Amino acid sequence: MLNISKNPINKNVDLSVFKSSKHVFNKKYYKHFNRFLGAFAIFGIIVLFLPWTQNITGRGNVTTLTPEQRPQTIQSPIPGRIEQWFVLEGDFVAKGDTIIKISEVKSEYFDPDLVARTGQQRDAKALSVGSYEEKVRALNRQIAALKNQRQLKLEQAKNKLIQARLKVESDSIDLEAAKTNKLIAQRKYDRTVTLENEGFMATRDVEDKRLKLQETEAKLISQRNKLLESKNEVLNAKFEISRVNAEFEDKISKAESDRQTAQSNQFDTEAQVSKLANEFSNYQIRDSLRYIKAPYDGYINKALRAGVGQTFKEGESLVGIMPARVDLAVETFVEPIDLPLLHIGEKVRVQFDGWPAIVFSGWPNVSYGTYGAKVVAIENFISDNGRFRVLLAPDEDDHKWPKDIRAGSGAFTMALLDDVPIWFELWRKLNGFPPNYYQPEGTVKTKIKKGH
């Protein structure tokens, strides 16, 4: 009876006279239960003071240590059409092995002799460059010869000018002599006329002197003409110098103009040769791109464009490949609250999916349970899942990782931190505090040294 009523039965009725009451009220049924509760409480208190290793757990997957070792797809840098497959899915291929043969889909590359024809055009233009170079050299020689010839002509004209000036001086002297002779002849004639008038000279002598005077006058006039001719020769010599300069300047300018034209044509042809050489190299490289080759030793995962005759665009994935030799690693994700507790080089334990933590003595190479790893990289920006990515590499001082694990397999990671009592860990968990923050020993020592 629960004695809920305000009129209790045990006060009005004596329950002890009943047989069932004698069996219930006279035995201590709570004795063993109280002992159990007491023992459990003592055990719980003892457990609260037992040591507990704080840890940071995370869930991730197996990947590779370097980006180039991760699975990738092979793309074609040019559009084309699949002509032939040389491998099957799952086949092993060595670096440089041909995987697919493709053909062109653009009309400007249909010519099978496109590379050879472009090479011929390039060689022909290169010969044109050589011809222009020879023409420039010939014009340079012509310009040098014209300059030498001009120098000789100028020297010759200058010599004629000097000769003409000397002749002018000579004719000037002769003119002065002719003037003196005329003056002397005039005086003689006048004296002879005077003597004839006085009767001392004959008429014949007077006529002789008159004739002599006329001869000297004629010589004077002739000498004046010679002087004028000499002066004209000086002017002609000056004109000749100017003419030689103008003539050769015109010839040299024309030759230099032809040289500049030849050089301009040479440079233009060289530009065309360079352009053709560029096209030739591009066509050669494009021709080699008709064969899709393996970038490294690996295994063909999946053909993404399987049909023969199927067309595709440039940059479109054609086949997936997995490297044969990889350095495995584990990428795990930790909560932001735990990120400051992780440091490069810290030890972490890893449990791989399919490799249980329970030890099987008869199962070789999988009887180690968890495997050792160390932190090699910590991402600085949060991932899409709200956690920070941490990359783990195998620990050389621990057991080797199983050789049969593959990239993409799941992994459970656990980083061990400080040893604390269980009651402290429960209190921390209930309050949402992070584990005890500590620095690696090397970092602490460095800080102490800096403080000293």
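Condition first: at pLDDT 65 or above and touching a Phe, Trp or Tyr at 6+ places or on another chain (Cβ under 7 Å). Can you find one or more residues in the range 27-48 that meet it?
First, the residues of the range 27-48 that are at pLDDT 65 or above: 31-48.
Now narrow it down to the ones that are touching a Phe, Trp or Tyr at 6+ places or on another chain (Cβ under 7 Å): 48.
Yes, because at least one residue in the range 27-48 is at pLDDT 65 or above and touching a Phe, Trp or Tyr at 6+ places or on another chain (Cβ under 7 Å).
Just a yes or no: is a residue in the range 161-169 farther than 30 Å from Glu215 by Cα and of a type outside the set (A, V, I, L, M)? Step through it out loud before you land on a result.
If we filter the range 161-169 for residues that are farther than 30 Å from Glu215 by Cα, which is where we start, we get 161-162.
Okay, now just the ones that are also of a type outside the set (A, V, I, L, M), so none.
No, the range 161-169 contains no residue that is farther than 30 Å from Glu215 by Cα and of a type outside the set (A, V, I, L, M).
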When you look at Thr413, is it within 42 Å of the chain's Cα centre (by Cα), over 30 Å from Phe43 (Cα atoms) and at pLDDT 80 or above, yes or no?
yes
Could you grab the pairs with beta carbons closer than 8 Å, sequence gap of 6+ or different chains, first residue in the range 146-157 and in the same structural domain as Ala237 (by TED's automatic domain parsing) and over 12 Å from Ile241 (Cβ atoms), second one of a type outside the set (Val, Ile, Thr) and assigned to a helix (DSSP H, G or I)?
Leu146/Phe248; Leu146/Lys251; Leu146/Ala255; Lys147/Phe248; Gln149/Phe248
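Within the range 97-117, identify whether any single residue is of a type in the set (Gly, Ala, Ser), over 29 Å from Pro323 (Cα atoms) and in contact with a Phe, Trp or Tyr (Cβ under 6 Å, 6 or more places away or on another chain), and answer yes or no.
First, the residues of the range 97-117 that are of a type in the set (Gly, Ala, Ser): 103, 107, 116.
Right, trim to over 29 Å from Pro323 (Cα atoms) and you get 107, 116.
Next cut, in contact with a Phe, Trp or Tyr (Cβ under 6 Å, 6 or more places away or on another chain) only: none.
Looking through the range 97-117, none of the residues is of a type in the set (Gly, Ala, Ser), over 29 Å from Pro323 (Cα atoms) and in contact with a Phe, Trp or Tyr (Cβ under 6 Å, 6 or more places away or on another chain).
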Give me the pairs: first residue in the range 281-297 and in a helix (DSSP H, G or I), second residue among the aliphatic types (A, V, I, L, M) and surrounded by 16 or more Cβ atoms within 10 Å (Cβ to Cβ), beta-carbon distance under 7 Å, and six or more apart or on different chains, which are they?
Tyr283/Leu114; Tyr283/Val115; Gln284/Val115; Arg286/Ile78; Asp287/Val115
Tell me the residue from Lys209, Lys147, Lys182 that is under 30 Å from Ala262 (Cα atoms) and not β-branched (Val, Ile, Thr), please.
Lys147
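Filter the range 243-275 for residues that are small (Gly, Ala, Ser) and under 48 Å from the mean Cα position of the chain (by Cα) and give the result. Working first, answer last.
Taking the range 243-275 and keeping what is small (Gly, Ala, Ser), we get 246, 253, 255, 257, 262, 264, 271, 274.
Result: Ser253, Ala255, Ser257, Ala262, Ser264, Ala271, Ser274.
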In this structure, is Leu227 at pLDDT below 90 and in a helix (DSSP H, G or I)?
yes
If a residue has to be of a type in the set (S, T, N, Q), free of Cβ contacts under 8 Å to residues at least 12 places away in the same chain and assigned by TED's automatic domain parsing to the domain that holds Tyr283 to count, how many in the range 72-126 make the cut?
1
Those residues of the range 178-220 which are free of Cβ contacts under 8 Å to residues at least 40 places away in the same chain, out of contact with any Phe, Trp or Tyr (no Cβ under 9 Å at 6 or more places or on another chain) and of a type in the set (A, V, I, L, M) amount to Leu183, Ile184, Ala185, Val193, Leu195, Met201, Ala202, Leu211, Ala218
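Check Glu207, Glu240, Glu169, Glu198 and return the single one that is more than 60 Å from the chain's Cα centre (by Cα) and surrounded by 14 or more Cβ atoms within 10 Å (Cβ to Cβ). Don't jump to the end; show me each part of the working.
Values: Glu207 fails: surrounded by 14 or more Cβ atoms within 10 Å (Cβ to Cβ); Glu169 fails: surrounded by 14 or more Cβ atoms within 10 Å (Cβ to Cβ); Glu198 fails: surrounded by 14 or more Cβ atoms within 10 Å (Cβ to Cβ).
Exactly one residue qualifies, and that residue is Glu240.
The values are calculated or read from the model by the stated rules, or taken from the named source; none is laboratory data. Computed from a predicted structure; not experimentally measured. Virtual Cβ from ideal backbone geometry, glycine too; neighbours counted across all protein chains shown.
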